[in-house]
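Visitor: Pasting in a structure now, in structure tokens, and then I'll have a few things to ask.
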Number of protein chains: 2
Amino acid sequence: MNGRFAISMHILTLLAQANGEWLSSDFLAGSININPVLVRKELINLRNKGLLISREGKNGGSMLAKSAAQIRVSDIFLATRQGAFLGTSRNNPNPNCPVGKQITQHLNGLYQEAEEALLHKLGDTTLEDFSHRFN
Amino acid sequence: MNGRFAISMHILTLLAQANGEWLSSDFLAGSININPVLVRKELINLRNKGLLISREGKNGGSMLAKSAAQIRVSDIFLATRQGAFLGTSRNNPNPNCPVGKQITQHLNGLYQEAEEALLHKLGDTTLEDFSHRFN
DNA sequence: CATTAATGTAATTTATATTGTTACAGTTTT
DNA sequence: AAAACTGTAACAATATAAATTACATTAATG
């Protein structure tokens, strides 16, 4: 998918299983096995998207902003994709070619349809469902 | 999606509209506006996947191996994705954490489901359908 | 049979995107 | 005041993708 999606799923699964405990970015980073700063950057993003809350200072950390049953995997997907997901075509097809002139537009249409199908599928699973798979 | 998918769609759309003409890699590269060597690499791949045929030497080029109606966009997607598409998680979560130990497996399950939904959707459109959108 | 116009392919470089690191300021609890 | 956190900027390293160069090979054609 996207490295950030995997990190966010990991973070949120840990939070879902934390039962009201504030988990520190260092603890999360230890489970994911990545640098704590990357975790904090992801935490900031997920917080901005309303999926978790954080507390600064000693005994600080993060916890879910709502119950895991209210968070769909598609929400997490949407929260972590940067702009386009399928696309970012920084290509400049030849505008003098009938195909080149239109291809970007038609590919984008295709990407949009595909993404909708993907989102629909990911909307079937909640974070709670996912987190229960670890039992 | 993937830069190679876009290139392949572009190549195949041009071939679909070529009506039995052999198109050269230089011509294709001119429409896509990328280096001809990249096009040839993609042509090799698409040929190995049975989507087109090529002819060497003077007046050589490529053409579709079958009618555009027989090629689904999902075939092209499958032909261009390298190994995993959603995934390639070269991350090593902490095996001493109950979540870290299992997350890769569960994410892969999710990716597989998502990819199936995507493929199903892309299977609804043929290269012919796509190519007709340029009229 | 030499010329020309193609493909095939390896090796290398360049560009871009992703991921990781360091350092330190700010916040809150004790 | 000390300790344990988060927040964030600036930078470094790595990985991936794209482009380039160079040349061998193939086949048509005059």
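Visitor: May I ask for the equivalent-ellipsoid semi-axes of segment A:3-132, computed as the square root of five times each C-alpha gyration tensor eigenvalue and listed largest first in whole Å?
Guide: 36, 17, 10
Visitor: Expressed as a rounded percentage, what relative contact order does chain A have, with Cα pairs under 8 Å and six or more residues apart? Intermediate values should be presented prior to the final figure.
Guide: Numbers: 137 pairs, mean separation 39.0, N = 135.
Once normalised by length, the contact order is 29 percent.
Visitor: Right, next: Cα centroid distance between segment B:94-121 and segment A:15-63, in Å?
Guide: Comparing the Cα centres of segment B:94-121 and segment A:15-63, I get a distance of 21 Å.
Visitor: Could you go through segment B:47-62 in sequence order and give the Karplus-derived ³J(HN,Hα) for each residue, using 6.51 cos²θ - 1.76 cosθ + 1.60 with θ = phi - 60°, rounded to whole Hz, and x for Gly and Pro?
Guide: 5, 4, 8, x, 8, 8, 10, 10, 10, 7, x, 4, 6, x, x, 10
Visitor: Continuing with the same structure: As a test of the formula, what do you get for chain B when each DSSP H run with n ≥ 4 contributes -39,500 (n - 2.57) and the sum is divided by the residue count, at 222 nm and rounded to the nearest 500 deg cm²/dmol?
Guide: The helix-only estimate for chain B comes to -17000 deg cm²/dmol at 222 nm.
Visitor: Could I ask something else about it? Between A:LEU52 and residues 5 or more places away or on another chain, which pairs have amide H atoms under 5 Å apart, with H built 1.01 Å from N, and which residues are they?
Guide: A:ARG47, A:ALA65
Visitor: Here's another thing I want to ask about it. In chain B, which longest range has no GluC sites (Glu not before Pro) that are both DSSP loop (not H, G, I, E or B) and surrounded by at most 15 other Cβ atoms within 10 Å? If you can, show how the numbers build up before the last one.
Guide: Details: sites that count: B:GLU21, B:GLU56.
Value returned for the longest uninterrupted segment is B:57-135.
Visitor: Within chain B, what's the longest run with no trypsin sites (Lys or Arg not before Pro) in a DSSP loop and at most 14 other beta-carbon atoms within 10 Å? Give the range, please.
Guide: B:1-57
Visitor: Hey, got the dipole for the protein assembly as shown? About the Cα centre, +1 on K and R Cβ, -1 on D and E Cβ, debye to the nearest 20?
Guide: 640
Visitor: Using a 1.4 Å probe over the heavy atoms of the protein chains, calculate the carbon and sulfur portion of the accessible area of chain B as a whole percent. If you can, show how the numbers build up before the last one.
Guide: Details: 3180 of 6780 Å².
Ligands and nucleic acids excluded, carbon and sulfur reach 47 percent.
Visitor: Let me ask another. Hey, can you grab everything whose amide H is under 5 Å from the amide H of B:ILE71? Only 5+ residues off in sequence or another chain; H modelled, so Pro and N-termini drop out.
Guide: B:LEU127, B:GLU128
Visitor: Per-residue accessible area for A:VAL37 at 1.4 Å probe radius, Å² rounded to 10?
Guide: Roll a 1.4 Å probe over it and A:VAL37 shows about 70 Å².
Visitor: Rounded to whole Hz and in sequence order, give me ³J(HN,Hα) for segment A:95-112 from the Karplus expression 6.51 cos²θ - 1.76 cosθ + 1.60, θ = phi - 60°, writing x for Gly and Pro.
Guide: Coupling constants for segment A:95-112: x, 8, 9, x, 7, x, 4, 10, 4, 4, 4, 6, 5, 4, x, 4, 4, 5 Hz.
Visitor: Once you put a point 7 Å from the Cα of B:ILE53 and another 7 Å from the Cα of A:ASP26, both along the Cβ direction, what distance in nm separates them?
Guide: According to this spin-label approximation, the distance is 6.7 nm.
Visitor: Please give every one of the lysines within straight-line cross-link reach of B:LYS101, meaning a C-alpha to C-alpha distance under 24 Å, and leave out same-chain neighbours fewer than 8 residues apart.
Guide: In chain and number order, the partners are A:LYS41.
Visitor: If you don't mind, there's one more thing I want to ask. Would you mind telling me which residue in B:ILE44, B:ILE103, B:ILE34 has the biggest mean-square fluctuation in a Gaussian network model of chain B, where springs connect alpha carbons within a distance under 10 angstrom?
Guide: Ranking B:ILE44, B:ILE103, B:ILE34 by mean-square fluctuation puts B:ILE103 first.
The values are calculated or read from the model by the stated rules, or taken from the named source; none is laboratory data. Computed from a predicted model, the values in this text were never measured in an experiment. Ideal geometry is used to build each Cβ from the backbone, glycine not excepted, and the neighbour counts take in all protein chains shown. Surface accessibility is based on the protein's heavy atoms, side chains included, excluding ligands, DNA and RNA. Shrake-Rupley method; radii C 1.70, N 1.55, O 1.52, S 1.80 Å.
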